[in-house]
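Written below as structure tokens is the structure these notes are about.
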Amino acid sequence: MEKDIVNIGKSVVIKGELNGSEDLTIEGHVEGTIQLRDHVLTIGPNGRIKAQVFAKSVIVLGEVTGNVTASEKVDIRDNGSVDGDIIAPRVAIAEGAHFRGSVDMQRKGAPPKAETKPATVPAPQAAGPPVPQAAAPAQRVGA
Amino acid sequence: MGLLDRLAPRRPDADAFEKAPAPTVDSVFATKALRKFLASLVASPSPVLIDLGPVVGANISFLGEELGCKIFVEDLFADLDRHVREGRFERFADFLKARFRQASASVDGILCWDFIDYLDKAAALALAGELTRILRREGALLGFFGTAQPREGGYSKYLIVNEVTLKRRPYPAARGRQAILLNRDIIRLFPGLRVSDSFLLQNNLREILFRKPG
């Protein structure tokens, strides 16, 4: 059985919330929120994302600004770029990749620390990832 | 020579920049302090680490899988390079004082690598103060300090091969290593920490593991 993969092309710009139940490749621009809870999100070499991302796995070959949460793995390939915080049990960052932020690979079930949570105050001259404003209605991919 | 005077820059930055070498081959060496650093963190179920070096995917994978930790990658070498190239190094100490967004006593471990070797006195003191502030009680800080001027210039990436082996990969830098620090100078940089272990390696690198008293 052939697996469905949806592609958002280079000329496409989406602002808002993106939900899907298929694997998705983005070559265009997306701002807002992307949720593919049980599927693979690939940010292609031309993809430019300013969004909070939630997916099973995330492969980054383009640029992501925002926090990335994956239930399985985040893979930043050569020339891929992530400015934001990553939460995933497995993270791979290639030699030529750019990354600025934190990586949280804390094991599930580990008790949260009352004191260890770093302050969320943004650092001067070390801008954190912007929080996208998902004002537009949700757009379902491949529905 | 007074306290920390050895940290005063003796090499013009421009000179170091012009002589920035092409990347050379990696050198592999045994580390004694890394295992102790990791051992100090395993007691914590979900430790928080800060890596002051450039992002190294292999290190993140290793530390994440070994410790199940949260890692902040704060590439101070890139910050230093930017300040030097833009001619703003004199402001670097002030920059460091405001650089860390982590709350006080919120971090279990700090991988400082050999960053202090590239600083002047003011910047080193500013950094040491901030690292001491964010480190929690019983937290650990691992620092490397040169005991001889290296043959090649530039910064070094340290890649964790395993808990007793590191790989050193030089890369071009805008600022060379500054003066070599003596043990007492290093210890005086961190008055709020105590030296837990100190090792002099065959490659002239001194590994020092600091702990914050409980």
> Is it true that some residue in the range B:184-195 is within 15 Å of B:ALA33 (Cα to Cα) and part of a strand (DSSP E or B)?
Replying inline: yes
>> Of the residues B:ALA93, B:ALA105, only one is of a type in the set (A, V, I, L, M), within 13 Å of chain A (Cβ to nearest Cβ) and surrounded by fewer than 20 Cβ atoms within 10 Å (Cβ to Cβ); which?
In response: B:ALA105
>> On the basis of being closer than 23 Å to B:GLU74 by Cα, at pLDDT 95 or above and in a strand (DSSP E or B), does A:ALA92 make the cut?
In response: yes
>> What's the number of the only condition in (1) closer than 17 Å to B:ASP81 by Cβ; (2) in contact (Cβ under 8 Å) with a residue 60 or more places away in the chain; (3) not hydroxyl-bearing (Ser, Thr, Tyr) that B:ALA128 fails to meet?
In response: (1)
>> I need a count of the residues in the range A:29-78 that are away from chain B (no Cβ under 14 Å), touching a residue at least 60 places away in the same chain (Cβ under 8 Å) and not in a strand (DSSP E or B).
In response: 1
> Give me the pairs: first residue in the range B:53-75 and within 8 Å of another protein chain (Cβ to nearest Cβ), second residue among the hydroxyl-bearing types (Ser, Thr, Tyr) and not in a strand (DSSP E or B), beta-carbon distance under 6 Å, and six or more apart or on different chains, which are they?
Replying inline: none
> For residues in the range A:83-103 being within 20 Å of A:ASP23 (Cβ to Cβ) and touching a Gly at 6+ places or on another chain (Cβ under 7 Å), which is surrounded by the most Cβ atoms within 10 Å (Cβ to Cβ)?
Replying inline: A:ILE86
> Within the range B:169-185, can one find any residue that is touching a residue at least 24 places away in the same chain (Cβ under 8 Å), within 14 Å of chain A (Cβ to nearest Cβ) and over 18 Å from B:LEU76 (Cβ atoms)?
Replying inline: no
>> For the condition modelled with pLDDT of 95 or more and within 14 Å of chain A (Cβ to nearest Cβ), what is the one hit in B:LEU111, B:LEU125, B:LEU166, B:LEU142?
In response: B:LEU111
>> Given the criterion over 29 Å from B:GLU66 (Cβ atoms) and within 13 Å of the chain's Cα centre (by Cα), identify the matching residue among B:LEU181, B:LEU205, B:LEU141, B:LEU119.
In response: B:LEU119
>> Testing B:ASP117 on (1) buried (at least 22 other Cβ atoms within 10 Å of the Cβ); (2) within 14 Å of chain A (Cβ to nearest Cβ), one condition comes back false. Which one is that?
In response: (2)
> Before we move on, is B:ARG99 closer than 20 Å to B:ALA126 by Cβ, at the interface with chain A (Cβ under 9 Å from one of its Cβ atoms) and modelled with pLDDT of 90 or more?
Replying inline: yes
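The values are calculated or read from the model by the stated rules, or taken from the named source; none is laboratory data. Predicted model only: the values in this text are computed from it and were never measured. Positions of Cβ are generated from backbone atoms using ideal geometry, with glycine treated the same way; all protein chains shown enter the neighbour counts.
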